[in-house]
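For reference, the structure discussed in these notes is given below.
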């Protein structure tokens, strides 16, 4: 939820946007504040609202149209700021499978016919329950890292009678929904290829559960990670060669023969998915010294 674009249902858009507004505004100010001297966020939003409502437009185009009021700020920065105080949605063909286009935005109320709802205590509780149901047991610090929200200890306290509680190796309280599966800890996790900036790697306070500290900086670079037995073990990309699409893996350690076979098999499936019917080559694996 951290100033990241999400594909959500109309119902979730209306329910969740208001809950995240304070966090989004705070992060926008932290990122852009110095580049927006004298810019009143509310005035900027109100000047831009009728333009987005009249027809989908790019952020920069609208920023240029209203920018005369704030000549001290660059249009790019004004545009970046606009997506925070003004609830916007990107419209198709943006977001359609295998289609690309400039990001045109309109207001949520125009697109969905309703304004985002005001946040309630129940909305915060649903966020916590859905996070736990989707991603497993978590400490309150993990919930905060995932959602960007504050005040979660109070939410968890209200929910505690409905949750399971565990202790991790550091002695922290971990919470989970009551009907969550509890696999045997010795169960091997299958090989997985993750996209860049995947929630599984980024959205925990303690990321050592899935990635070594030495590899954490790769996330900022937009690396796409390979998981072997549930841990980041390398990175991957695609390579077009000799008329075929290949998945190229750089492993961060020497793989066992069984692991290598699993990576090759899953890499082949990924290549076939990404190639969308075009020729596919074998997965290529290089091991980092």
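Values in this text are rule-based calculations from the coordinates and carry no lab data. Because the structure is predicted, anything quoted here is derived from the model rather than measured. Cβ atoms come from the backbone with ideal geometry, glycine included; neighbour counts cover every protein chain shown.
Structure notes:
- Spatial offset of the stretch 83-111 relative to the stretch 17-55 amounts to 16 Å, using the alpha carbon center of each.
- A full extension of the chain between residue 121 and residue 238 corresponds to an added length of 37.7 nm, given 0.36 nm per residue minus the alpha carbon distance.
- Tilt relative to the chain, helix 10-32 - C-alpha long axis, 0 to 90 degrees, to 10: 80
- Cα→Cβ-extended label distance, 7 Å offset, between residue 43 and residue 27, nm: 2.8
- Overall shape: prolate for the stretch 192-287, with the ratio a/c of the largest to smallest alpha carbon gyration tensor axis at 1.5 or above and a/b above b/c.
- Ascending count of other beta-carbon atoms within 10 Å, so fewest first, for 66, 263: 66, 263
- Shape call, the stretch 63-183: gyration tensor on alpha carbons, a/c limit 1.5: prolate
- Using R0 = 25 Å, the C-beta based FRET efficiency linking residue 220 and residue 269 works out to 0.35.
- The stretch 48-178: relative contact order in percent, alpha carbon pairs under 8 Å with at least 6 residues between: 18
- Arranged from fewest to most other beta-carbon atoms within 10 Å of their beta carbon, 276, 176 become 276, 176.
- Result for the chain in a Gaussian network model with C-alpha springs under 10 Å: among 97, 146, 236, the largest mean-square fluctuation is at 97.
- Take every DSSP beta bridge whose two residues both sit in the stretch 192-287; close to 75 percent of them are antiparallel.
- From least to most packed, judged by other beta carbons within 10 angstrom and beginning with the fewest, 179, 212 follow the order 179, 212.
- Sequence-distant contacts, meaning Cα pairs under 8 Å at least 6 residues apart, place the relative contact order of the stretch 121-177 at 41 percent.
- Angle in degrees between helix 121-135 and the longest Cα principal axis of the chain, rounded to the nearest 10: 20
- Hypothetical label at residue 98: residues of the stretch 258-289 whose amide nitrogen lies under 19 Å (7 Å Cα-Cβ projection): 268-281
- Centroid-to-centroid separation of the stretch 230-270 and the stretch 116-184 [C-alpha atoms, Å]: 34
- Added length on full extension, which subtracts the Cα-Cα distance from 0.36 nm per residue, residue 158 to residue 74: 25.7 nm
- Entry note, the chain: relative contact order of 12 percent, from Cα contacts under 8 Å with a spacing of 6+ residues.
- Gyration tensor verdict on the chain (Cα atoms; rounded if a/c is under 1.5, prolate if a/b is larger than b/c, oblate otherwise): oblate
- Between residue 278 and residue 61, the modelled label-to-label distance comes to 2.9 nm, taking each label 7 Å out from Cα in the direction of the beta carbon.
- With a simple spin-label model that places each label point 7 Å from the Cα along the Cα-to-Cβ direction, the separation between residue 261 and residue 5 comes to 4.1 nm.
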